[in-house]
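The values are calculated or read from the model by the stated rules, or taken from the named source; none is laboratory data. All values reported here derive from a predicted model rather than from experimental measurement. Methodologically, a virtual Cβ is constructed for each residue, glycine included, from the backbone with ideal geometry; neighbour enumeration extends over all protein chains shown. Quick note on the areas: whole protein, heavy atoms, side chains included, nothing else; ligands and nucleic acids left out. Shrake-Rupley method; radii C 1.70, N 1.55, O 1.52, S 1.80 Å.
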Amino acid sequence: MDSQERQTRRDIVVGVDGSAAALSAVRLAAHEAARRGRNLRIVHAFIWPLMHVNVGASQAVPEGGLQHDAERLLAEAAATATAAQPDVTATTDLVTGAPASVLLAAARDAELLVLGDRGLGGFTGLLLGSVAVQVTAHSTTPVLVARGEQHAGGPIVVGVDDSPAGAAAIEAAFVTAEQRHAELLAVRTWTYPVAATLYTPPVPADCGPVEDAERLVLADAVAAVSARHPKVEVREKLECGGPGRTLVQLSELAQLIVVGARGRGGFAGLLLGSVSQQVLHHAACPVLVVPDPRHDRTP
């Protein structure tokens, strides 16, 4: 590897907070770093100095103190990464700041940001932690959220729509399937059109033309990318129904679900679309959220 290649290679970044979910994210991140030939950077956001809290050890407990606690959890995360992938180079960073801000800053020059779905201090009723929601909504780097189980031998599933973020998600799904030597399942859903009234029109007797048009959109979206990844085995699936519900159901057998951060039909003010939110909250496997390449989403 020459010096120029070393300079252009970007790390995999994972955020940790000492929770079990964070350690799951570390293991997932270590495997991603191994597949991609990248180094792993483990980051912990240390907020206490901002609150003017004494973070040092006391004379009575020289090994105590918040700073030592943070260093210990980083050491535990590094050991977890090494146990998962001994050949991956892992470094640790203790960064002063609020978790979402620290992780967004760390992700700017990263290839991928990996997070646990829920960290320390989360409310029991939350299906996805607040930091994960904030970071996923604003990141300009793809975010991989560790949740559920990576079902061995299952496909990489990607939701297909005709949005710019959807096109970026398809490209990322092909790359991921290629790296994992996995089948790619490209899924598009459709529903009967609803009139702009209080009434739903009757279901047409012949749905053939609608299905044919949707099937063509799916085929074209896949064909636009598959030529660049000829080794990836692709299966196309057209479903009548809601996209979020369909993807969540498929996640029960998938290695990974890939979605665009905002797809077709999202409200302009939302940085994270309704489908991606539904999948992030309910998927039974890890979820990769790919940002819209046209927008700078950093707050």
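Note on His68 and Glu252: with the Förster distance fixed at 25 Å, the Cβ-Cβ geometry gives a FRET efficiency of about 0.05. Each peptide in 245-258, 21-34, 67-80 receives the mean, over its residues, of other Cβ atoms within 10 Å, and ordering these scores from highest gives 21-34, 245-258, 67-80. If the chain linking Val210 and Lys231 were pulled fully straight, counting 0.36 nm for each residue of separation and taking away their Cα-Cα distance, it would gain 4.4 nm.
Ligands, DNA and RNA excluded, the heavy atoms of Phe46 present near 10 Å² of accessible surface to a 1.4 Å solvent probe.
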